Amino acid sequence: MTAPFPALLPTYNRTPLSFIRGEGSWLVEASGARYLDLTSGIAVNALGHAHPALVEVLHEQAQALWHVSNLYRIPAQEALAQALVDQTFAETAFFTNSGTEAAELAIKMVRKYWSDKGDARTTILTFEGAFHGRSTGAIAAAGSEKMTKGFGPLMPGFKTLPWGDHDALRAALDDTVAAVMIEPVQGEGGIRPLPDQCLRGLRDLCDQTGALLVLDEVQCGMGRTGKLFAHEWAGITPDIMMVAKGIGGGFPLGAVLATAHAASGMGAGTHGSTYGGNPLACAVGAKVVEIITADGFLDAVNRKSALMRQKLEGLVASHPDLFEDVRGQGLMLGLKCRAPNTDIVKAAQAAFVLTVPAADNVIRLLPALTITEEEITEAVTRLENAAQSLH
């Protein structure tokens, strides 16, 4: 007898854990077991689980108003847009529900910009190992067979270049290219930071050819690398930027930030979202931005990231048969593994610490930005126990 098809579409190979409560850097499973969380919901819970200030603002907004649609002005949305404009390169913002939706708007914004100029430019350069979401446009942009197989025909207009191949980039980036789309630090691709000098060189090439520079900071933004946004380390600014994950602190929220120049084609009727920028999401997002940009917060992130890297490098040195090196920036760190990364993720889980795999045989360590130094020490101790168990 054929088993019934699952009520929940089986698109995930889920770990058999059911978490019922979270607090800060800790998650409690249905069994009562406590896990130290180094995933943060894949860089989403930037301020940890159940942050009191976020719980308070969400509760207050939920008692007042949940949804009215973008047919009307939404004061919380306008306040969050102004806060982001004040803190970044951007002159305008549009709110989405996810990073994938932000990627779709970024693509549309690029195409509309060139269409309004009467120019036939449509090609967007992207890079091997990229991840921009799972919509048809986003998978076409990334171009990997793992994401695109079986979903053709794909949206045209993307050219994927090898990661780190400067010659290929210079050859491809001419005055027929509409934009370059890149993550300053690849997340799914294996925690691969783009060196500052490369990002500065890319900005120069875009300026020379007129191409727009689109940065995907969905995973590496919102304080994750020790700056509000990762591109700030290089001292450059993009034309368009995709934001999500950490901006909502766990509540679904994304955004596209842009200069007025790059967004000039996006007038009334060119884009929309039923839920994007709803009062609940924007009230939480505004509080997240307020906390992360407060004096001293990012300084603390950088201190903690230095401590965590130091301890991880000790772990690598102690287990050269399991680990190769530490990579990443801020609290967006990766352990490049010699043993299969999935084995190490499972061993860590058995040691009650949660990590997440990535490409290039890497495990990602994406703790809450509010993790304490004591919790960092405990996390690496548990990873040490996991490593010992694999011997």
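Descriptive notes on the structure:
- Residue in region 178-187 that is surrounded by fewer than 22 Cβ atoms within 10 Å (Cβ to Cβ) and either more than 20 Å from the chain's Cα centre (by Cα) or assigned to a loop (DSSP other than H, G, I, E, B) (or both) present: no
- Every pair of residues 6+ apart whose Cβ atoms lie under 8 Å, when the first sits in region 214-233 and is in contact (Cβ under 8 Å) with a residue 12 or more places away in the chain and assigned by TED's automatic domain parsing to the domain that holds A138 while the second is of a type in the set (S, T, Y) and surrounded by fewer than 24 Cβ atoms within 10 Å (Cβ to Cβ): G226/S305; L228/T88; L228/T293; F229/T88; H231/T237
- Only one of the numbered conditions (1) surrounded by 15 or more Cβ atoms within 10 Å (Cβ to Cβ); (2) touching a strand residue (DSSP E or B) at 6+ places or on another chain (Cβ under 8 Å) is violated by V57, and that is (2).
- Filtering region 99-130 to residues that are crowded, with 21+ Cβ neighbours inside 10 Å, part of a loop (DSSP other than H, G, I, E, B) and either without any contact (Cβ under 8 Å) to a residue 12 or more places away in the chain or on the phi < 0 side of the Ramachandran plot (or both) leaves R121, A130.
- G22 passes every criterion in (1) touching a helix residue (DSSP H, G or I) at 6+ places or on another chain (Cβ under 8 Å); (2) surrounded by 14 or more Cβ atoms within 10 Å (Cβ to Cβ); (3) outside any loop (DSSP other than H, G, I, E, B) apart from (1).
- Total residues in region 359-377, condition among the hydrophobic types (A, V, I, L, M, F, W, C) and either on the phi > 0 side of the Ramachandran plot or in a strand (DSSP E or B) (or both): 3
- Just one of the listed residues (D299, D321, D325) is assigned to a helix (DSSP H, G or I), more than 20 Å from the chain's Cα centre (by Cα), of a type outside the set (K, R) and surrounded by fewer than 18 Cβ atoms within 10 Å (Cβ to Cβ), and it is D299.
- Taking the conditions (1) more than 18 Å from the chain's Cα centre (by Cα); (2) assigned by TED's automatic domain parsing to the domain that holds L58; (3) acidic (D, E) in turn, E313 satisfies each one other than (2).
- Flag for Q87 being assigned by TED's automatic domain parsing to the domain that holds G235, farther than 24 Å from V301 by Cα and either surrounded by fewer than 18 Cβ atoms within 10 Å (Cβ to Cβ) or touching a residue at least 60 places away in the same chain (Cβ under 8 Å) (or both): no
- Scanning region 25-47 for residues that are crowded, with 18+ Cβ neighbours inside 10 Å and either in the same structural domain as I247 (by TED's automatic domain parsing) or aliphatic (A, V, I, L, M) (or both) gives L27, L36, L38, A43, V44, A46, L47.
- Cβ-Cβ under 9 Å pairs, at least 6 apart or on other chains, region 56-75 side in contact (Cβ under 8 Å) with a residue 12 or more places away in the chain, far side exposed (fewer than 14 other Cβ atoms within 10 Å of the Cβ): H67/T274; S69/T274; N70/G272; N70/T274; I74/V68
- Flag for K245 being in contact with a helix residue (DSSP H, G or I) (Cβ under 8 Å, 6 or more places away or on another chain) and more than 24 Å from I107 (Cα to Cα): no
- Positions within region 25-60 being under 20 Å from L333 (Cα atoms) and part of a loop (DSSP other than H, G, I, E, B), in sequence order: S25, L38, T39, V44, N45, A46, L47, G48
- Condition check for A339: among the aliphatic types (A, V, I, L, M), outside the structural domain of E128 (by TED's automatic domain parsing) and assigned to a loop (DSSP other than H, G, I, E, B): yes
The values are calculated or read from the model by the stated rules, or taken from the named source; none is laboratory data. Since the model is a prediction, treat every value here as computed from it, not as a measurement. Cβ atoms come from the backbone with ideal geometry, glycine included; neighbour counts cover every protein chain shown.
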